Amino acid sequence: MKTKLSNSEISALSLELSMLLHAGVSVADGLSLMAQGGRGEEKELLSTLARKMDDGAGLAEAFRETGAFPSYVCGLVEVGERSGRTEEALSALSDYYESRARLERRVKSALLYPAVMLMLMLTVIGVLLVKVLPVFDDVYASLGSRLTGVAGGLLTIGRWLDGAMPVLWALLALAVLFLVLFAGVESFRDKVMTTWRKRWGDRGLSRKLNNARLVQALSMAMESGLPVEEALDMAERLMEDAPGAAARCVDCRVRLDNGSSLGEALRDSGILSAGDSRLVELGQRSGAADAAMKRTAVKLSEEGENALEGAVSRVEPALVLVCSVLVGLILLSVMLPLTRIMVVIG
């Protein structure tokens, strides 16, 4: 059995369950029906869930015991079961994890080409420094000259790289090993990502994305029938991988306990901007706080995705510019002295 489902798999499973519940099918029967159409590990997981439900366990408890679902899913489903709104909770989870899966796909596709291009350009620059410049230096030596200035400095760098090649190969091997472990070993990837989020994962763009996740968690909890205070407590638990965001949840809860309105608490704790908090404030006054929070969550998610795509889209032209300048500098530093020599000879 899988240790953890992917975002796409969680989204699909939640959507199918919510549709079956909407059609009047019980959760246990729905899981049994889904298991009949499943294959391999998916069928084993669904059968296990259905068996646990038949034994009297709740859906959130069954999810938690399999270990295949993140605490985020288990917590929200538990809220839905307590409030009698399991279908709404599953539907919200389906939308949330589909958006996360879509974001992952867009980021991977956007980063793949720049990463490949960077490796190719670094290889070209390395070949120029290590293999090509010494050839030109020998040519200059046969003409009674030497590479000087920028070209001489680049030649020195190339010789240093050539001498350090065993160390560079070892570092490259370590980098490849790290990438293989990061891509293939889930526990290692989780540890790396957890460490990164705790130390640097709440700044700039990451902070924007964390706030979007936090508001989305609040929206789903409130949509599932949970009071605002309990929704904040649950969001804090679900944001444990981002201590900065969890601290903002605590601060917001304290402000609510001190008499602030929801919009004011969200604004003053740094979760929402003034404009977004005003929308939540109006929603609370009109009795539609959950709808206002959902709209705000969608807006923040879109802004976070657009900001991430914008940052990624700037990587490619920056790489092209830097590498083109380096290659041009190397070629010009070699060809200009050669031109002068040819003029003198001619």
Hits among aspartates and glutamates - C-alpha to C-alpha of Lys294 under 12 Å, sequence gap 8 or more where chains match: Asp95, Glu223, Asp276
Note the angle between two axes, namely the Cα long axis of helix 274-285 and the longest principal axis of the Cα atoms of the chain, as a number of degrees from 0 to 90, rounded to the nearest 10. 10
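Could you give the length gained by full extension between Arg39 and Asp233, i.e. 0.36 nm per residue of separation minus their alpha carbon distance, to one decimal place? Before the final figure, lay out each step's value.
Values: separation 194, 0.36 × 194 = 69.84 nm, distance 3.77 nm.
Here the segment from Arg39 to Asp233 would lengthen by 66.1 nm.
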Carbon + sulfur, % of accessible area of the chain - ligands and nucleic acids excluded, 1.4 Å: 61
Straight-line reach from Lys43: which aspartates and glutamates fall under 17 Å, measuring Cα to Cα and dropping same-chain residues less than 8 apart? Glu9, Glu16, Asp29, Asp54, Glu65
If you line up the long axis of helix 243-257 against the longest principal axis of the chain, both from Cα atoms, how many degrees apart are they, to the nearest 10? 40
With label points set 7 Å from each Cα along the Cα-to-Cβ direction at Ala170 and Ala23, the distance between them in nm comes to 6.2
Descending packing, highest mean Cβ count within 10 Å first, for 285-295, 321-331 is 285-295, 321-331
Ordered by number, the trypsin sites (Lys or Arg not before Pro) in the range 111-165 that occupy a DSSP loop and have at most 12 other Cβ atoms within 10 Å are Arg146
Rounded to the nearest 0.05, what FRET efficiency do Met335 and Lys198 have when you use their Cβ-Cβ distance and R0 = 41 Å? 0.20
Roughly what would the spin-label model give for Val150 and Glu65, points 7 Å off Cα along C-beta, in nm? 7.0
Efficiency by 1/(1 + (r/R0)^6): what FRET value for Lys208 and Glu316, r their Cβ-Cβ distance, R0 = 25 Å, to the nearest 0.05? 0.70
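Using a simple charge model, +1 on the beta-carbon of Lys and Arg, -1 on the beta-carbon of Asp and Glu, nothing else, what dipole does the range 197-306 show about its Cα centre, in debye to the nearest 20? Before the final figure, lay out each step's value.
Details: 17 positive and 18 negative charges, 79 e Å.
The dipole of the range 197-306 has a size of about 380 debye.
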Taking the full set of protein chains and a 1.4 angstrom probe, give the accessible area of Thr339 in square angstrom, rounded to the nearest 10. 70
Among (1) 92, 50, 29; (2) 75, 52, 42; (3) 152, 50, 37, which is the computed Cα extents along the principal axes in Å? (1)
Using a basic spin-label model with each label point 7 Å from the Cα along Cα→Cβ, how many nm lie between Arg285 and Val254? 2.8
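The values are calculated or read from the model by the stated rules, or taken from the named source; none is laboratory data. Small disclaimer: the values here were computed from a predicted structure and weren't measured. Please note: Cβ atoms are built from the backbone with ideal geometry, for glycine as well, and neighbour counts cover all protein chains shown. Each accessible area value is taken on the protein alone, full model and side chains, heavy atoms only, with ligands, DNA and RNA left out. Shrake-Rupley method; radii C 1.70, N 1.55, O 1.52, S 1.80 Å.
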